[in-house]
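**Student:** The structure is given below, and queries will be raised subsequently.
The values are calculated or read from the model by the stated rules, or taken from the named source; none is laboratory data. None of these values were measured; they are calculated from a predicted model. For neighbour counting, all protein chains shown are included, and Cβ atoms are generated from backbone atoms with ideal geometry for every residue, glycine included. Surface areas here come from the heavy atoms of the whole protein model, side chains and all, with no ligands, DNA or RNA. Shrake-Rupley method; radii C 1.70, N 1.55, O 1.52, S 1.80 Å.
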Amino acid sequence: MSAFVRASAVTAGPSRRFAITVALLLALFLAGTGPAAVAQAQQAQPKSSAAAATGASSAAVQSDPLLKAMREELDRSKSQLKMDNVPAPYYVEYRLSDVDEYSAEAVFGALRQDQRIHVRNLRVVVRVGDYKQDSYYGPGTGFVNIAPRDDDSVALRRELWLATDRAYKIASEALASKKAVLSQYTADQPFNDFARAPALESVGPFVKLDFTPAPWKETLEKVTDLYRTDAKIQSLSAYVRFRAVNDYFVNTEGTSTRQGYIVYSLNLSAETQADDGMELGRSPFYVGASASELPSQEKLLAETAKMLQSLKDLREAPMVEEDYRGPILFSNDAASDILDGMIGGNILGIRPKPGDSARTTGEFSSNYKGRVLPTFLSVVDDPTMKSFDGKSLIGSYQIDQEGVRVASLPVIKDGILIEYLLGRMPIRDFADSNGHGRAAPGQSPSPNIGNLILQPKESSSPDELKKKLIEMCKQEGKPYGYYAETLVGNNPRLLYRVYVSDSHEELVRGAVFNELDTRTLRNNLVAAGNDPLVSNREGAVPTTVISPSILFDELEVKRTDKKNAKLPEYPPPTIAAH
Amino acid sequence: MQKRFPWFPVFAVLALATFPLSALTSSPTANIVLTTMQQELQRATKALAKTDPAPYYMSYAVTDTDETAVAASNGSVIYSASVDRRQADVMMRVGSVALDNTHSQSRASGITSGLLPLNDDTNAIARVLWQLTDREYEQASAAYLKVKTNNAVRSEEEDKSPDFSSEAPQDHLNLVPLRPPSDQQIWEGRTRKLSAGFLKYPEVYTSYVSFNISADRSYLATSEGTALIRPGAIARLVIQAETRADDGMELMRVESFQAATASQLPSDAELAAKVDKIAADLKALRAAPAADPYAGPAMLSGRAAAVFFHEVLGHRLEGHRQRDENEGQTFTKKVNQLVLPAFLSVADDPTMKELNGVQLAGHYDFDDEGVPAARVVAVENGVLKNFLMSRMPIKNFSTSNGHGRRQPGLMPTGRQGNLIVTSSNTVKDSELRERFIAEIKKQGKPYGLYFDDIQGGFTLTGRASPQAFQVIPVMVYRVYADGRPDELVRGVDIVGTPLLSLNNIVLTGDTLQVFNGICGAESGQVPVAAAAPSMLFTEIEVQKRRRGSERPPILPPPGFESTAATPPANAAKTAAPGAKP
């Protein structure tokens, strides 16, 4: 934008911008999480994606005023939008995201944030070229703007008109840039830029937040008020974030969909320091598809007390001084972090930059049809599963943000990688989407997991796994092994020594894993539990991982080299009676 | 991916508050917050005195804000929210007044911010203040050690003034309750209706109507004993519309209205008339010829002159700039010299509440460092006398004159309040135009340029950039010597170096026009006003505005296919069938 952005009929000093808040606003479109049991209103016959999509759309689509307005402007653009000396678009899509979000935060027993925001944004993609090579490159990957919040088709069509015009002009330049970049490389890209997909019409129910703020605010204040129970707790805060997203999507291949999802989350955060200054923290979270799936106030108070106790125990726990290399047992909670990060992150079929001949980004890019896990383990991604073990799975969905239906997909079978998760951007040897083109409101779709499930062919109970751990350590002449209860990132947060002599457990602090990576998964995973845990995760898009406990036969633990922080210069204020 | 951010003025993080506002409106609460701040500040001062290096000054500044923002476009609301927020800024100086952690580039080390509980829970408030203070001490003490080291090795600075001035503590509690919040739904209705007024103009591509009202209360407690509670209130309505000329030049018109309360903003009828005027102006601008580069006589309306002075002179009077080694320091060495024609004087007076019946947005009683606001005569009969001072001393000016201002979260610096330009060489406004035409003829130019309204500009005062300023005109007319009617032109930018251009003013009108707005600079956004008479320049230099390269939209807006206001790119294809609107 030109200097116009700068001043509001006002003088501005050196480079000051007023669009800050809108940027903040658009930044809020980091999607939360939340499954919505989306029922299909109607399934239209799939049309050939090559055909122009000006035919009549289903009654369900026509009855939704937003989809109707989007479809009308889309059709007008497709049939009329053309610049001299520039090819007409061969594909156009609109996505309108309606986001309703409530968030509140309390610290030390007092509320300090309490807000509800309802906004809409739209994302427009215009592609020129053809499925083999098109303009989806650089700025050509989508134009995003804030959208009318009223159900007003006139205002919406005005916004769409301008956005489409802009996206078309950008696309023509983007295609030229892309061709210029590609001309540097001799080899042709052996796959299309854009995968074909069948037309699909589906109007799911509009999802709405359903909760009462007052009890949640009270809960936040009550749980954070527990700071009084421990003078060494430096910080105790809690927040809730409840978000409902409804996506409206139309494209020129004849797809029209409306899909929604809801996520309710509550997050605790506590910080303390050991006497030597080591910073210790805990940040448990609870995520579900409805307010009732979150723990009750009573349960949360108990959980918070437990968390504070664990921090006290950590403060008093001995530092890990000596290196260890041997068997380590991961709880199902800890294992779900590994499943998410190390497997979930690497099975995505993300196309590398032009000129990079790898199949995909990520560590499994050269492992297609190769072994990535022990043969007793398989992994499936099944977004069609709505619940497991009585819990809603927030990673559930029926149709992705590119209008492609998803199905259950085995990804790793008996240790062998047989699939990558894909959107409509093909990679080498994978020409079609498998419905994993997911996007947060306003963002470009990108391959992502839905409900990722680790499935052992044989398993043992957690007790048996612990016995096995002890047995292995005994055989190696070790006095103890390790049990990781929770992680933060790839490192332990609650780590226990399990003593061979009498099986007792001792909490330790200051430990990190060394070389815990995909090779460890392939070579050192020897057993899994029969205790799968549902771990709902609120990220840019909502996901779920389900994993049992896992046992490594060899993994290294050593002392962290992170420096200890200074303790506070002076003690906190004494708590005055109310 | 390309993001286009529509332009919104003055939005903080906003939301619909379900929190009861009684906590923020009643007087006893105000005292509880201040008392808690003072007690915790005292405890912190005592405890940190034992450290090395120790702070010599600390302050807690808390701002309660109750803000409502609503925006609409094309007849639909696009944003609507209210938020209550209590922000705390802990400011600390470590070292001594001669040299402390805020010296030079390290100024930001002087502040740490966070959100406070919204209620009267003194324990929770005190505990968050403690967290912030501890963090700030860590930051400030580390910065001070760096400053000490840098100071020893860097070449001697030109200005060796201390880093902090000596000021008397102030004690003033203005406990007026915060206004109850605005009715969001009413404003949604008003902005919706107003914004719909643009729909009938297909040449207006983008438009917004936004309403923003905030009421705040600021608390200040310092280790020197200052205790202040100050209320603030501002209501602002902005109408903005954009289009593009056929050659791709971006054209924009903005009208803003500002007052202390929403009821003082113009009526719906007046605003609707503005919408029509803005649309008409944009249509005329689209059709107007693009201006050529030009140097010659020019006349500025009072409002245009006010913005001109705010940019060209006002920012250069800000105290801290005189000392910053990276700044251009245009006026630093010109104290007691002529910097303007001798008939012009410039004062900045935050104590003024209104001028000629218009409220002044830059009015305040105490600045953000707790120093009483003062009228500063910066230029007297053309001679530079003074700067706009915060508590940062500069050479020959060792004390604050109550111009230390900031937005929450940032360190204060010297800023403008109400910049008032007065003239002793005046004629009636109507006569100024005659004198203007006479000057055009005298110089043998075919025309002069009249600047009716401007959008605001930006100033590059840094040493690394040329001493250029740009005041961005919106409605500019060629005024012909031969009596032809005035002709609107588009794409004009005023350029030049400040010293030269100011000295080209030869005559002014006799009525001050007021311009209210929000000014942004290093210490953030603050409300300001500027007032000036219309002015005649013997020479102003203009350049052609940098144009966007994107041409107008290819298709007409939905619903305007038959009128085809914008000629379609490919005329042969206009008859293609499409869905009806």
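Here's the yes/no breakdown for (1) surrounded by fewer than 21 Cβ atoms within 10 Å (Cβ to Cβ); (2) among the small types (Gly, Ala, Ser):
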position: A:87; (1), (2): yes, no
position: A:106; (1), (2): no, yes
position: A:136; (1), (2): no, no
position: A:170; (1), (2): no, no
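**Student:** Exactly one condition in (1) facing chain B (nearest Cβ under 7 Å); (2) closer than 30 Å to residue B:74 by Cα; (3) touching an Asp or Glu at 6+ places or on another chain (Cβ under 6 Å); (4) not aromatic (Phe, Trp, Tyr) is false for residue A:113; which is it?
**Tutor:** Unmet for residue A:113, out of (1) facing chain B (nearest Cβ under 7 Å); (2) closer than 30 Å to residue B:74 by Cα; (3) touching an Asp or Glu at 6+ places or on another chain (Cβ under 6 Å); (4) not aromatic (Phe, Trp, Tyr): (2).
**Student:** Something else now. Looking only at the stretch B:519-528, decide whether some residue is among the hydroxyl-bearing types (Ser, Thr, Tyr), within 25 Å of the chain's Cα centre (by Cα) and not in a strand (DSSP E or B).
**Tutor:** yes
**Student:** If you scan the stretch B:416-436, which residues turn out to be in contact with a helix residue (DSSP H, G or I) (Cβ under 9 Å, 6 or more places away or on another chain) and farther than 20 Å from residue B:381 by Cα?
**Tutor:** B:429 - this is the single residue of the stretch B:416-436 that is in contact with a helix residue (DSSP H, G or I) (Cβ under 9 Å, 6 or more places away or on another chain) and farther than 20 Å from residue B:381 by Cα.
**Student:** Which numbered condition in (1) farther than 21 Å from residue B:242 by Cβ; (2) part of a helix (DSSP H, G or I); (3) without any contact (Cβ under 8 Å) to a residue 40 or more places away in the chain; (4) not hydrophobic (A, V, I, L, M, F, W, C) is the only one that residue A:118 fails?
**Tutor:** All conditions are met except number (2).
**Student:** Does residue B:495 satisfy the condition of being touching a Cys at 6+ places or on another chain (Cβ under 7 Å) and either on the phi < 0 side of the Ramachandran plot or not acidic (Asp, Glu) (or both)?
**Tutor:** Criteria not met by residue B:495.
**Student:** Take the residues in the stretch B:379-421 that are crowded, with 23+ Cβ neighbours inside 10 Å and among the small types (Gly, Ala, Ser), then tell me which one is farthest from residue B:529 (Cα to Cα).
**Tutor:** Looking at the filtered set, the residue picked out is B:400.
**Student:** Exactly one of these conditions fails for residue A:83: (1) in a loop (DSSP other than H, G, I, E, B); (2) crowded, with 22+ Cβ neighbours inside 10 Å. Give me its number.
**Tutor:** Unmet condition: (2).
**Student:** Does residue B:166 satisfy being part of a helix (DSSP H, G or I) and out of contact with any Leu (no Cβ under 8 Å at 6 or more places or on another chain)?
**Tutor:** No.
**Student:** What is the number of the single condition among (1) at the interface with chain A (Cβ under 8 Å from one of its Cβ atoms); (2) open to solvent by less than 10 Å² (accessible area, probe 1.4 Å) that residue B:68 does not meet?
**Tutor:** Going through (1) at the interface with chain A (Cβ under 8 Å from one of its Cβ atoms); (2) open to solvent by less than 10 Å² (accessible area, probe 1.4 Å) one by one, residue B:68 breaks only (1).
**Student:** In the stretch A:440-449, how many are within 17 Å of residue A:246 (Cα to Cα), in contact with a Ser or Thr (Cβ under 7 Å, 6 or more places away or on another chain) and open to solvent by less than 10 Å² (accessible area, probe 1.4 Å)?
**Tutor:** 2
**Student:** Of all residues being touching a strand residue (DSSP E or B) at 6+ places or on another chain (Cβ under 7 Å) and assigned to a strand (DSSP E or B) in the stretch B:96-133, which is nearest to the other protein chains (Cβ to nearest Cβ)? Just the residue, please.
**Tutor:** If we take residues in the stretch B:96-133 being touching a strand residue (DSSP E or B) at 6+ places or on another chain (Cβ under 7 Å) and assigned to a strand (DSSP E or B), then B:115 is nearest to the other protein chains (Cβ to nearest Cβ).
**Student:** I'd like the full set of residues that are under 20 Å from the mean Cα position of the chain (by Cα) and open to solvent by 10 Å² or more (accessible area, probe 1.4 Å), limited to the stretch A:249-266.
**Tutor:** The initial filter retains those residues of the stretch A:249-266 that are under 20 Å from the mean Cα position of the chain (by Cα), namely A:259-266.
Residues satisfying the conditions are A:259, A:261, A:262.
**Student:** Tell me which residues, restricted to the stretch A:148-165, are more than 7 Å from chain B (Cβ to nearest Cβ) and either buried (at least 24 other Cβ atoms within 10 Å of the Cβ) or part of a helix (DSSP H, G or I) (or both).
**Tutor:** Passing the criteria: A:153, A:156, A:159, A:160, A:163, A:164.
**Student:** Now for a different question. Determine, yes or no, whether residue A:175 is of a type in the set (A, V, I, L, M, F, W, C) and either in contact with a His (Cβ under 8 Å, 6 or more places away or on another chain) or closer than 29 Å to residue A:349 by Cα (or both).
**Tutor:** yes
**Student:** I'd like to check something: does the stretch B:254-269 contain any residue that is open to solvent by less than 10 Å² (accessible area, probe 1.4 Å), under 23 Å from the mean Cα position of the chain (by Cα) and not β-branched (Val, Ile, Thr)?
**Tutor:** No, every residue in the stretch B:254-269 fails to be open to solvent by less than 10 Å² (accessible area, probe 1.4 Å), under 23 Å from the mean Cα position of the chain (by Cα) and not β-branched (Val, Ile, Thr).
**Student:** Out of everything in the stretch A:310-335 that is over 30 Å from the mean Cα position of the chain (by Cα) and open to solvent by 50 Å² or more (accessible area, probe 1.4 Å), what residue ends up being farthest from residue A:277 (Cα to Cα)?
**Tutor:** Ranking the candidates gives A:325 first.
**Student:** Taking the condition of being free of Cβ contacts under 8 Å to residues at least 40 places away in the same chain and small (Gly, Ala, Ser), how many residues in the stretch A:245-280 meet it?
**Tutor:** Residues flagged as free of Cβ contacts under 8 Å to residues at least 40 places away in the same chain and small (Gly, Ala, Ser) within the stretch A:245-280 amount to 1.
**Student:** Follow-up. When the stretch B:328-356 is examined, which residues are found to be among the small types (Gly, Ala, Ser) and at pLDDT 95 or above?
**Tutor:** The answer is B:342, B:345, B:347.
**Student:** Condition (residue is within 30 Å of residue A:151 (Cβ to Cβ) and either of a type in the set (Asp, Glu) or in contact with a Pro (Cβ under 7 Å, 6 or more places away or on another chain) (or both)) applied to the stretch A:224-239: is it met by at least one residue?
**Tutor:** Within the stretch A:224-239, the subset within 30 Å of residue A:151 (Cβ to Cβ) is none.
No, the conditions are met nowhere in the stretch A:224-239.
**Student:** Pick from the stretch B:352-378 the residues that are free of Cβ contacts under 8 Å to residues at least 24 places away in the same chain and part of a loop (DSSP other than H, G, I, E, B): which of them is surrounded by the most Cβ atoms within 10 Å (Cβ to Cβ)?
**Tutor:** So, considering only residues that are free of Cβ contacts under 8 Å to residues at least 24 places away in the same chain and part of a loop (DSSP other than H, G, I, E, B), the one surrounded by the most Cβ atoms within 10 Å (Cβ to Cβ) is B:353.
**Student:** Take the stretch A:128-147 and flag every residue that is among the small types (Gly, Ala, Ser) and at the interface with another protein chain (Cβ under 9 Å from one of its Cβ atoms).
**Tutor:** Correct list: A:138, A:140, A:142, A:147.
**Student:** Within the stretch B:239-250, is there a residue that is more than 11 Å from every other protein chain (Cβ to nearest Cβ), open to solvent by 10 Å² or more (accessible area, probe 1.4 Å), within 21 Å of residue B:68 (Cα to Cα) and out of contact with any Leu (no Cβ under 9 Å at 6 or more places or on another chain)?
**Tutor:** no
**Student:** With (1) modelled with pLDDT of 95 or more; (2) closer than 30 Å to residue B:544 by Cα as the list, and residue B:254 as the residue in question, which single condition is left unmet?
**Tutor:** (1)
**Student:** Additional query: Only one of these is in contact with a Ser or Thr (Cβ under 9 Å, 6 or more places away or on another chain) and closer than 26 Å to residue A:258 by Cα: A:166, A:95, A:112, A:158. Name it.
**Tutor:** A:158
**Student:** In the stretch B:71-85, is there at least one residue being of a type outside the set (Asp, Glu), over 30 Å from residue B:197 (Cα atoms) and away from every other protein chain (no Cβ under 12 Å)?
**Tutor:** no
**Student:** Which one of A:269, A:183, A:177 is at pLDDT below 95, within 14 Å of chain B (Cβ to nearest Cβ) and open to solvent by 20 Å² or more (accessible area, probe 1.4 Å)?
**Tutor:** Only one candidate qualifies: A:177.
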